[in-house]
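Q: Got a structure for you, written out below as structure tokens; questions coming shortly.
The values are calculated or read from the model by the stated rules, or taken from the named source; none is laboratory data. A quick note: this is a predicted structure, and the numbers were derived from the prediction, not measured. Neighbour counts run over all protein chains shown; Cβ positions are idealised from the backbone, glycine included.
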Amino acid sequence: MKQIYLTSAYLAPINYYAKLYSFPHIVIEQHDHYCKQTYRNRCVIATAEGLQALTIPTERTGEQKCATKDTRISSHGHWQHIHWNAIKSAYKNSPFFDYYCDDLHTFYTEKQTFLIDFNQRLQALMCEWIDIAPEVSYSKAYLPTPTTDQTLDYRERIHPKVDFTTDPLFQATPYYQVFKEKYNFQPNLSILDLLFNMGPESLLVIERSLKESGK
């Protein structure tokens, strides 16, 4: 396989970053109709009270359907303050929180306008921390069926309502987690969980999670 189609995602789960690592080329869909309750604006972290979903509020538009590339972030509800406090509370005792926190905190103090731009900037930072450099482009038009013998379509396969264990290219590999003794290992959480707990060894965990490689 030469390339894979993915949706834009907010601090995506580990199986998403496994695709960024293992495929020679990534196409991020930006012309799809924006849908709520997806990883486009949601991530899941592990807290002392269990799993917690963090959701970015988006603005309503007069149009019935809005493209992901045109979706704006709402300032409603002080979401940045809420998300940062949740992340800090969950991971302040993790081995690598202090190492990464200052750079991440910046994203929760600056005004954000378009969801896809915010996700893109965060994704670039996560890739830098993992030490991967995926070749990423953004779709120029929406293709209902981009799957060919050289392309995989994962736009709706990495989704909160789709069981990640059905992904034939990914198998969650256990790693240290702050609340592992309390809740056992929680697989395929936001990439933040892996980075805060494993730091420079995050890439090793991702490599061990690959069933097959796109390379």
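Q: For the stretch 104-116, what are the residues that are farther than 17 Å from Lys36 by Cα and either part of a helix (DSSP H, G or I) or without any contact (Cβ under 8 Å) to a residue 12 or more places away in the chain (or both)?
A: Leu104, His105, Thr106, Phe107, Tyr108, Glu110
Q: Being aliphatic (A, V, I, L, M), part of a loop (DSSP other than H, G, I, E, B) and under 23 Å from Arg42 (Cβ atoms) narrows it down to one of Ile206, Ile158, so name that one.
A: Ile158
Q: Using beta carbons and a limit of 9 Å, which pairs, at least six apart or on different chains, have the first residue in the stretch 48-59 and farther than 13 Å from His81 by Cα and the second one β-branched (Val, Ile, Thr) and assigned to a loop (DSSP other than H, G, I, E, B)?
A: Partner pairs satisfying both residue conditions: Ala48/Val178; Thr58/Thr71; Glu59/Thr71.
Q: Another question, if that's okay. Does Tyr183 meet the test of being at pLDDT below 95 and hydroxyl-bearing (Ser, Thr, Tyr)?
A: So Tyr183 passes the test.
Q: With respect to Cys35, determine if the residue is over 20 Å from Gln123 (Cβ atoms) and either of a type outside the set (Gly, Ala, Ser) or under 15 Å from the mean Cα position of the chain (by Cα) (or both).
A: Details: over 20 Å from Gln123 (Cβ atoms): no; either of a type outside the set (Gly, Ala, Ser) or under 15 Å from the mean Cα position of the chain (by Cα) (or both): yes.
Considered against the rule, which asks whether it is over 20 Å from Gln123 (Cβ atoms) and either of a type outside the set (Gly, Ala, Ser) or under 15 Å from the mean Cα position of the chain (by Cα) (or both), Cys35 comes out as no.
Q: Show the residue pairs meeting these rules: Cβ distance below 9 Å; 6+ apart or different chains; first residue within the stretch 178-189 and polar (S, T, N, Q) and part of a loop (DSSP other than H, G, I, E, B); second residue at pLDDT below 95 and surrounded by 14 or more Cβ atoms within 10 Å (Cβ to Cβ).
A: Gln186/Phe179; Gln186/Lys180
Q: Restricted to the stretch 98-115, and to residues that are crowded, with 18+ Cβ neighbours inside 10 Å and in contact with a strand residue (DSSP E or B) (Cβ under 7 Å, 6 or more places away or on another chain), which residue is modelled with the lowest pLDDT?
A: Checking each candidate, the answer is Gln112.
Q: Out of everything in the stretch 117-128 that is without any contact (Cβ under 8 Å) to a residue 40 or more places away in the chain and of a type in the set (A, V, I, L, M, F, W, C), what residue ends up being surrounded by the most Cβ atoms within 10 Å (Cβ to Cβ)?
A: Residue satisfying both the conditions and the ranking: Leu125.
Q: Within the stretch 129-137, is even one residue under 30 Å from Arg60 (Cα atoms) and loosely packed, with under 13 Cβ neighbours inside 10 Å?
A: Yes, there is a match, as at least one residue in the stretch 129-137 is under 30 Å from Arg60 (Cα atoms) and loosely packed, with under 13 Cβ neighbours inside 10 Å.
Q: State the number of residues belonging to the stretch 149-206 that are surrounded by fewer than 16 Cβ atoms within 10 Å (Cβ to Cβ), among the aliphatic types (A, V, I, L, M) and within 20 Å of Val27 (Cα to Cα).
A: Total satisfying the criteria: 0.
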